[in-house]
1. Classify region A:18-137 as rounded, prolate or oblate from the Cα gyration tensor: take a ≥ b ≥ c as the square roots of its eigenvalues, call it rounded if a/c is under 1.5, otherwise prolate when a/b beats b/c and oblate if not.
2. Not counting ligands, DNA or RNA, and with a 1.4 Å probe, what is B:S192's accessible surface area in Å² rounded to the nearest 10?
3. Taking Cα centroids, how far is region B:1-22 from region B:135-149 in Å?
4. Roughly how many Å² of B:D119 are accessible to a 1.4 Å probe, to the nearest 10?
5. For chain A, find the longest principal axis of its Cα atoms and tell me its angle to the long axis of helix A:84-97, 0 to 90°, nearest 10.
6. Cα gyration tensor of region B:54-162, axes a ≥ b ≥ c as square roots of the eigenvalues: rounded (a/c below 1.5), prolate (a/b > b/c) or oblate?
7. Shape verdict for chain B, please, from the Cα gyration tensor: rounded (a/c under 1.5), prolate (a/b greater than b/c) or oblate.
8. Between B:V179, B:V106, B:V171, where does the largest GNM mean-square fluctuation fall for chain B, given springs only between Cα atoms within less than 10 Å?
Amino acid sequence: MSSGDFDGYGGRHVPEPLEEPLEGLADAYDEIGTSDEFQADLRSLLEEFAGRPTPLYYASNLSERYGAEIYLKREDLLHGGAHKINNALGQALLAKRAGKDRLIAETGAGQHGTATAMVGALLGLETEIYMGKKDVQR
Amino acid sequence: MNVFRMRLMGAEVNEMTRGGEGLADAVDAALEDFAQNVEDTHYLVGSVVGPDPFPRMVRDFQSVIGREAREQFVDRTGELPDAAVACVGGGSNAIGLFHAFRDDPVDFYGAEGGGEGSDSSRHAAPLASGADDVIHGMKTRVIDEDVEVHSVSAGLDYPGVGPEHAMFRAVGRCEYSGVTDDAALAAFRELSETEGIIPALESSHGLARAIQLAEETDHERILVNLSGRGDKDMETAAEKFDL
């Protein structure tokens, strides 16, 4: 069972030419991405570039209205306005360490594309975003 | 606004005019680009989807959300939440919140894009209503063929879902349900009015589910991932609300 297996879900169902690069990425992640040095650098970027930690907010008005304590984890306060930056920083830092010089990404609402553009600019990586026309318009 | 922001920061933005012109088509295009440029290019997948190692790698990078939230919650209340709630498109903000609580007695709730209803022909809720299939390099849950993928929020408008969520559903660790466009819009407006916080339409789905839980269950402490802000959704909201 590979580590990408979630009780029979997941896996790597891709055309043959993608097998090797994905294996290479998995190796890079397991070796570089989990190292203390990488994690320390990522933590600094999450704090100084993205704005972590985000607050835990007690929504007192909403809680009073519905009779339960409702708490919000405020990922909306991160740089770019969404949680997407957590992942974009991690992957872009990994790509840079693995010797890549170009990032591509898909985006729906544009939040992930924005996060990718931010980290591309930050780390000096060429960046190209794919977005559906329907989503560009809304 | 987001397209301009991306271009301003030096990124090239490609508009996809094929298929449904949505998120799934953007993923297809990015996968093709990746296949042709693997030497110098990294495909920065934006959610816990796609072939290994993306689902576990993105989960690990997003797990900082739950690690912080768990510590903050215990510091503040002296206890754990009864429930953790998040919206699920691909599912990265949800997995990111849940992971730190996975061995705790905390109930998980995933709010999918219910569109016009998860029993209608227009939704984005493959966990509440879908079947096992392979999409974008992973085996997971996918919406049925006769369903048009639709959600009022572009970030949830995706026919598949991260494979770890498919597993959570199968083993009963998390309860998934579709939150309709209308319910999400109501929560969007309610948080704006009651707390002075404008949430993203995506996050509004999780918030709507949390409000349902507060009304219908005995959960006393509910933790919601407010995954994004709603500035990008002003035009959509302005069309829906007559203010």
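1. Prolate shape, in that a/c is at least 1.5 and a/b is the bigger ratio.
2. About 40 Å², ignoring ligands and nucleic acids.
3. 24
4. Estimated to the nearest 10 Å², B:D119 gives 150 Å².
5. With rounding to tens, the tilt is 20 degrees.
6. The shape class here is prolate.
7. rounded
8. With Cα springs under 10 Å in chain B, the top fluctuation among B:V179, B:V106, B:V171 is at B:V171.
The values are calculated or read from the model by the stated rules, or taken from the named source; none is laboratory data. Model, not experiment: these values are computed from the prediction. Don't worry about glycine lacking a Cβ; one is built from the backbone with ideal geometry, like all the others, and counts go over all protein chains shown. Accessible surface areas use protein heavy atoms only, side chains included; no ligands, DNA or RNA. Shrake-Rupley method; radii C 1.70, N 1.55, O 1.52, S 1.80 Å.
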